[in-house]
Amino acid sequence: MKGWRVLCGVMLMCWLWTAQAAPRTVVLWSHYDYPPFVISPAEGLSYRLASTLSRLSGQRFAFVVQVVPRKRLDAQLSEPDWQGVVGWVNPAWFDDLPMRRHAWSAAILNDEDWLLSSPRRPLEWQGPQTLEGLRLGGLLGHRYVEIESLLRAGRIQRDDVSSQEANLRKLAAGRIDAMFMTRSAYLWLRQHQPAMLAGLHVSREPRSRYERRLFANPLDEELAAFIRAAPALLAHDPAWQQVLRDYGLQSG
């Protein structure tokens, strides 16, 4: 009987050690399937963020990227006990401006939306009225809140595609008049595929400026606490700062 107790004690200690040593897998959800967030399968800023967060967590968590359409992401978040972390987003895009529904981090990246147009008809962003009577190349699943009333009224035509590359080709061919592109995507393309941007006009004024953040389910207190601490850890991590420089998102 004594030997059995000793064996059970040893087994319990081994189980506890394994439970503590094995990192918990956490999905890093993202609906951004274009550069710099996704460049190719398992490559891009989202994947670099996942590996960095895993390391900075002291291997408590093992983050894995899951890229899904926005509608599927919304369905996932509609479950009260949803799990994981949503990356690169802003409270305004999830109707959570008081930041009470989700556990939000501070900013991990500052970004902007830029208006791109043809050099044959260069446009300067002065608000939604800039696009009246024109064809805007949109991305499937993306909302452009400030122009929705003009879209419904038919005063702006929206022509959606599944990728930014397709929009760029249509803009170059004159099949659309304008498109939006994030600063982060533009800087990556300028560094790695400049031919895709050749000759296009970029408005001097951005359509919007915003912070990209992370959020978790507040019911998951351990993960939520780490996500809130993550921006400070990233800001002081030399390897992550080098990643941002590699992607053209930070000077120096």
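With n ≥ 4 as the cut-off for DSSP H runs, can you work out [θ] at 222 nm for the chain, using -39500 (n - 2.57) per run divided by the number of residues, rounded to the nearest 500?
On the way: 8 runs with 88 residues, N = 252.
It comes out at -10500 deg cm²/dmol, rounded to the nearest 500.
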Under-5 Å amide H pairs with Val64, H placed in peptide plane, nonlocal only
Val26, Val27, Leu28
Of all accessible surface on the chain at a 1.4 Å probe, what whole percent is carbon and sulfur?
54
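Charges at C-beta only: +1 for Lys and Arg, -1 for Asp and Glu. How large is the resulting dipole of the chain about its Cα centre, in Debye rounded to 20? The partial results should precede the final answer.
Numbers: 30 positive and 25 negative charges, 57 e Å.
Using Cβ point charges on Lys, Arg, Asp and Glu, the chain gives about 280 debye.
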Taking the Cβ of Leu151 as the center, what net charge do the other residues with Cβ under 13 Å away carry, scoring Lys and Arg +1 and Asp and Glu -1?
0
How big is the Cα convex hull of the stretch 19-91 in projection, averaged over all directions, in nm²?
5.5
For the chain, what does the relative contact order come out to in percent, with C-alpha contacts under 8 Å and a separation of six or more?
25
Could you state the accessible area per residue of the chain in Å², with a 1.4 Å probe and every protein chain left in place?
53
For Asp160, what residues show an amide H to amide H distance below 5 Å, using hydrogens built from the backbone and excluding near sequence neighbours?
Gly138
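Going by average Cβ density within 10 Å per residue, which order do the peptides 70-77, 193-200, 82-89, 173-180 take, highest to lowest?
Details: 70-77: 14.8, 193-200: 12.2, 82-89: 21.4, 173-180: 18.5.
So the peptides 70-77, 193-200, 82-89, 173-180, ranked by packing, come out 82-89, 173-180, 70-77, 193-200.
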Kindly write out, for the stretch 24-40 in residue order, the coupling ³J(HN,Hα) from the Karplus curve 6.51 cos²θ - 1.76 cosθ + 1.60 (θ = phi - 60°), rounded to whole Hz, with x marking Gly and Pro.
8, 6, 10, 7, 9, 7, 8, 9, 9, 10, 10, x, x, 5, 10, 9, 7
Mind listing the phi-derived Karplus ³J(HN,Hα) values for the stretch 211-225, rounded to whole Hz, using 6.51, -1.76 and 1.60 with θ = phi - 60°, and x for any glycine or proline?
9, 9, 10, 10, 8, 10, 6, x, 5, 8, 5, 5, 5, 4, 5
Hey, can you grab everything whose amide H is under 5 Å from the amide H of Gly44? Only 5+ residues off in sequence or another chain; H modelled, so Pro and N-termini drop out.
Ile39
D (µm²/s, integer) via Stokes-Einstein for the stretch 53-145, Kirkwood Rh across alpha-carbon pairs, 25 °C, 0.890 mPa s: value 145
Can you work out the Karplus-derived ³J(HN,Hα) for every residue in the stretch 171-185? Use 6.51 cos²θ - 1.76 cosθ + 1.60 with θ = phi - 60°, whole Hz, and x for glycine or proline.
5, 5, 8, x, 8, 9, 9, 7, 8, 9, 8, 6, 4, 4, 5
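The values are calculated or read from the model by the stated rules, or taken from the named source; none is laboratory data. Keep in mind that what you see is a predicted model, and the values were worked out from it rather than measured. All Cβ positions, even for glycine, are placed from backbone atoms using ideal geometry, and neighbour counts span all protein chains on display. To get the accessible areas, we keep the full protein, side chains included, count just its heavy atoms, and leave off ligands, DNA and RNA. Shrake-Rupley method; radii C 1.70, N 1.55, O 1.52, S 1.80 Å.
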